[in-house]
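First up is the structure itself, then whatever we jot down about it.
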Amino acid sequence: MPAPATPAPAATAPVDGLREVAVLGATGSIGTSALDVIARHPGRLHANVLAAGSNVVALLALCRTHKPRHAVIAEASALPALRDGLRQAGLDTEAHTGDEALQALVASDACDTVVAAIVGAAGLPSTLAAAHAGKRLLLANKESLVLAGELLMRTAREAGAVIVPIDSEHNAIFQCLQNACLPDAAARDGLRRIILTASGGPFRGRTRAQLADVTPAQAVAHPKWDMGPKISVDSATLMNKGLEVIEAHHLFGVPGNRIDVVVHPQSLVHSLVEFVDGSTMAQLGLPDMRTALAVGLGWPQRIESGVAGLDLLQHGRLEFEPPDMDAFPCLRLAFDALAAGGTAPAVLSAANEIAVSAFLKGKVAFLSIPSLVEDTLTALPAIPAGSLAILLDADAQARRHTARRIEQGLAA
Ligand SMILES: NC(=O)c1ccc[n+]([C@@H]2O[C@H](COP(=O)([O-])OP(=O)(O)OC[C@H]3O[C@@H](n4cnc5c(N)ncnc54)[C@H](OP(=O)(O)O)[C@@H]3O)[C@@H](O)[C@H]2O)c1
């Protein structure tokens, strides 16, 4: 749950009137945090499109609070329940289902700002549609960058879409780079390296042997962040940090050998940027995603987020240590996939989605997640990713291969 609100300072006038926001993944952890920030700024922000996967009850509750013009449920069988619920609530919100409806809405004048917070590769079509339509794109759905980063960044650049990264690490880097992703090489001249911080997850300090019996409940109990189940498991395996390395490469145009990862258990320094003159800039704050979301929702202005400031004296110590790539091989696999290029990141991410889903259902062990991802990367060597069709095919093949391995009981 978001932290209690602090009193709002006097708001500055918005630069461009009321912003109509589409919140995709509205019922999830990022979606509800985004809606919390939006509700704090009724004259500046309105949630006009809300989209979810299948949770009609939660979506209806959000519609009652935020009164969007459009509500979209991905699960087609849930459309009648959504429609009935909206009617019973006396709302004039229009109900929709399906990817095509979502993409059309995202591209329409129903919104100027899109919070892309659907989990997994399912978020790619709507994220791409927002980029193509030149929207202000608050990008939390890291899997779409890992799957099709070059295409997504090129599409955004050509359409004039502003991307504000919502992962706390990339949002920190964005802030350190004076509110910019760096699409052109000249802008990166002074940048030496990016340092991503990682909390280390719930199993920091454990050896590989000590990870053999961990349960899904233990894996999703993140010590610092309150997140959805998939990203929580990714944090526990360090795959999340691996996906973020690939994400940083696409957002900021920096090769993998100039991206470092340090474990910082307090999760107060959200990432750092080192420049050629020896300066290192960091962004600090409490671990609450509403800060990153407020940066995006207010961009280029600063708006109140409900997150308290950082009391350094209360926290006292900031610690940093290297990641343990033997106990947590997913991070190494992600660096390797980035170096291999082509379809490798898409295969990595798709195999991971299937493996994590199987782990959450109790079908495979925690240590099977890196084994399955590695096995899939070996079975499907990287080929050049010349088109979206090639990437989507690699994604589909990887999902099938990993699922087959799980069925065959070859996961451990
Ligand atoms: N949570 C964080 O702090 C955090 C931080 C950085 C980045 N991210 C990234 O943000 C994304 C969302 O993470 P989360 O933690 O918010 O996940 P989450 O809590 O599991 O929420 C996922 C959201 O996606 C919706 N959804 C799932 N499949 C869908 C589909 N096919 N079409 C439309 N909506 C669909 C879900 O709807 P239902 O509720 O109906 O299933 C839900 O609203 C992920 O890519 C994650 O890596 C999250």
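Evaluating Ala58 against the criteria (1) within 11 Å of the ligand (Cβ to nearest atom); (2) over 22 Å from Ile38 (Cα atoms); (3) assigned to a helix (DSSP H, G or I) leaves one unmet condition, (2). Scanning segment 61-81 for residues that are away from the ligand (no atom under 11 Å from the Cβ) and within 21 Å of Cys111 (Cα to Cα) yields Ala61, Cys63, Arg64, Thr65, His66, Lys67, Pro68, Arg69, His70, Ala71.
To keep it simple, each residue is scored yes or no on (1) modelled with pLDDT of 95 or more; (2) among the hydrophobic types (A, V, I, L, M, F, W, C); (3) closer than 22 Å to Val295 by Cβ.
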| residue | (1), (2), (3) |
| --- | --- |
| Leu196 | yes, yes, yes |
| Asp226 | no, no, yes |
| Leu238 | yes, yes, no |
| Lys241 | yes, no, yes |
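Of the set (1) hydroxyl-bearing (Ser, Thr, Tyr); (2) away from the ligand (no atom under 16 Å from the Cβ); (3) touching a His at 6+ places or on another chain (Cβ under 9 Å), all apply to Thr207 but (3).
Here Arg258 meets each of (1) out of contact with any strand residue (DSSP E or B) (no Cβ under 6 Å at 6 or more places or on another chain); (2) more than 10 Å from the ligand (Cβ to nearest atom) with one exception, condition (1). How many residues are within 9 Å of the ligand (Cβ to nearest atom) and over 9 Å from the mean Cα position of the chain (by Cα) when one looks only at segment 109-123? Residues in segment 109-123 being within 9 Å of the ligand (Cβ to nearest atom) and over 9 Å from the mean Cα position of the chain (by Cα): 2 in total. With respect to (1) open to solvent by less than 10 Å² (accessible area, probe 1.4 Å); (2) in contact with a Pro (Cβ under 6 Å, 6 or more places away or on another chain), the lone exception for Glu247 is condition (2). Of everything in segment 100-124, what is open to solvent by 40 Å² or more (accessible area, probe 1.4 Å) and either in a helix (DSSP H, G or I) or polar (S, T, N, Q) (or both)? Give them in sequence order. Hits for segment 100-124 are Glu100, Gln103, Ala104, Ala107, Ala122. Considering segment 187-204, the residues that are part of a loop (DSSP other than H, G, I, E, B) and surrounded by fewer than 16 Cβ atoms within 10 Å (Cβ to Cβ) include one that is nearest to the ligand (Cβ to nearest atom), namely Gly190.
Residues in segment 239-298 that are part of a loop (DSSP other than H, G, I, E, B) and touching a residue at least 24 places away in the same chain (Cβ under 8 Å): 14 in all. Can you find a residue that is open to solvent by less than 40 Å² (accessible area, probe 1.4 Å) and within 12 Å of Met239 (Cβ to Cβ) anywhere in segment 371-381? Checked against the condition, which is being open to solvent by less than 40 Å² (accessible area, probe 1.4 Å) and within 12 Å of Met239 (Cβ to Cβ), segment 371-381 yields at least one hit.
The values are calculated or read from the model by the stated rules, or taken from the named source; none is laboratory data. As the structure is a computational prediction, the values presented were derived from the model and not from experiment. A quick note on method: Cβ atoms are made from the backbone with ideal geometry, for glycine too, and the neighbour counts reach across all protein chains shown. Calculation scope for accessible area: heavy atoms of the full protein, side chains included, ligands and nucleic acids excluded. Shrake-Rupley method; radii C 1.70, N 1.55, O 1.52, S 1.80 Å.
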